[in-house]
1. Report the residue count in region B:39-58 for those that are exposed (fewer than 15 other Cβ atoms within 10 Å of the Cβ) and either under 15 Å from B:THR22 (Cβ atoms) or at pLDDT below 95 (or both).
2. List pairs: first residue in region A:37-60 and within 7 Å of another protein chain (Cβ to nearest Cβ), second residue part of a strand (DSSP E or B) and among the charged types (D, E, K, R) anywhere in the structure, Cβ distance under 9 angstrom, at least six positions apart or on different chains.
3. Within region A:1-36, how many residues turn out to be within 7 Å of chain B (Cβ to nearest Cβ) and among the charged types (D, E, K, R)?
4. Suppose the filter is assigned to a helix (DSSP H, G or I), under 26 Å from B:ASP36 (Cβ atoms), of a type in the set (Phe, Trp, Tyr) and facing another protein chain (nearest Cβ under 7 Å); does A:PHE76 pass it?
5. Here are some residues: B:LYS121, B:LYS67. Which one is charged (D, E, K, R) and over 25 Å from A:THR10 (Cβ atoms)?
6. Mind telling me which of the residues A:VAL8, A:VAL66, A:VAL48, A:VAL53 ends up being aliphatic (A, V, I, L, M) and within 24 Å of B:GLN139 (Cβ to Cβ)?
7. Tell me the strands (runs of 3 or more DSSP E) entirely within region B:61-150 that contain at least 1 residues that are over 30 Å from A:GLU74 (Cβ atoms).
Amino acid sequence: MRTVAISVDTPEESRELCKKAGYTFLFLSDPGAKAIRAYDLLHAGQGVNGNDVARPAEFLVDSNGVIRWVNLTEDFRVRARAEQFLAQARQLK
Amino acid sequence: MERRKRNSYPWIGFVLCLIGVTSYFFLFYRWPITRDVPWANFLILAAGAGFLISGLRRAFARSQEFKGKIAGPILGAISLVAIGFFCFLIFYATKQLPKSAGAPKVGDKAPEFTLTDTNNKEVSLASLFAMPLPGTQKQPKGVFLVFYRGYW
């Protein structure tokens, strides 16, 4: 299983975050919100300077490139938990 | 002239209300169990409101005995605004999200993308499956894509 975090942050900002928080999984930068738009997750104007950000969302993609699980939260304080991820990952086998 | 006693309850209530609101942002947001439903903050706010109410009752119903007729209502009003602000955030503001009706659904093909990683290297969705997992020769069975708001 591979975990990938995607946001509008620049590679430098993400690198800083990984260093500070000790994250070892991949962080991808989408400053132009290309992927964020492709997944229809753009939350326009909600950044700190009125810039566009992604709404929080989680997807599990299997090795055929097919979506197996989607979590679109209704409240951006509430995110998927690790237990949910693990339960979904086990079902992939 | 008789001396009235100091009425500390409105002050205790006020401080509890301030802690009840601010502690979410510097403490309780960190853990899903206190973030998703901010019960810890609501407990502190309820305690604060309790102190304020009994402090105000002392100030007004037993005003020969206790002070606080001026400070009590002022502190109460500020606390009420703080509680209102917190409830607005929790029950309304953070729920304002786009519909995302076009987001891929279970069974859909995941849209391909190419983005840059923290080493400024291009990474596509396909390459996420092709790359072996760190420290192994194995390719991943699946990829979790976690979109987040970032340092906004």
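The values are calculated or read from the model by the stated rules, or taken from the named source; none is laboratory data. Predicted, not measured: the structure shown is a model, and the values here were computed from it. Reconstructed Cβ throughout: ideal geometry from the backbone, glycine too, with neighbour counts over all protein chains shown.
1. 1
2. Pairs that qualify, where the first residue is within 7 Å of another protein chain (Cβ to nearest Cβ) and the partner is part of a strand (DSSP E or B) and among the charged types (D, E, K, R), are A:PHE59/A:ARG68; A:LEU60/A:ARG68.
3. Count: 6.
4. No; evaluated as a whole, the condition is false for this residue.
5. Selected residue: B:LYS67, the only one of B:LYS121, B:LYS67 that is charged (D, E, K, R) and over 25 Å from A:THR10 (Cβ atoms).
6. Exactly one of A:VAL8, A:VAL66, A:VAL48, A:VAL53 is aliphatic (A, V, I, L, M) and within 24 Å of B:GLN139 (Cβ to Cβ), namely A:VAL66.
7. B:114-117, B:122-124
Matching residues to (1) modelled with pLDDT of 90 or more; (2) within 26 Å of B:GLY107 (Cβ to Cβ); (3) out of contact with any Cys (no Cβ under 9 Å at 6 or more places or on another chain):
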residue	(1), (2), (3)
A:PHE25	yes, yes, no
A:SER29	yes, no, yes
A:LYS34	yes, yes, yes
A:GLY50	no, no, yes
A:PRO56	yes, yes, yes
A:VAL61	yes, yes, yes
A:ASN64	yes, yes, yes
A:ARG68	yes, yes, yes
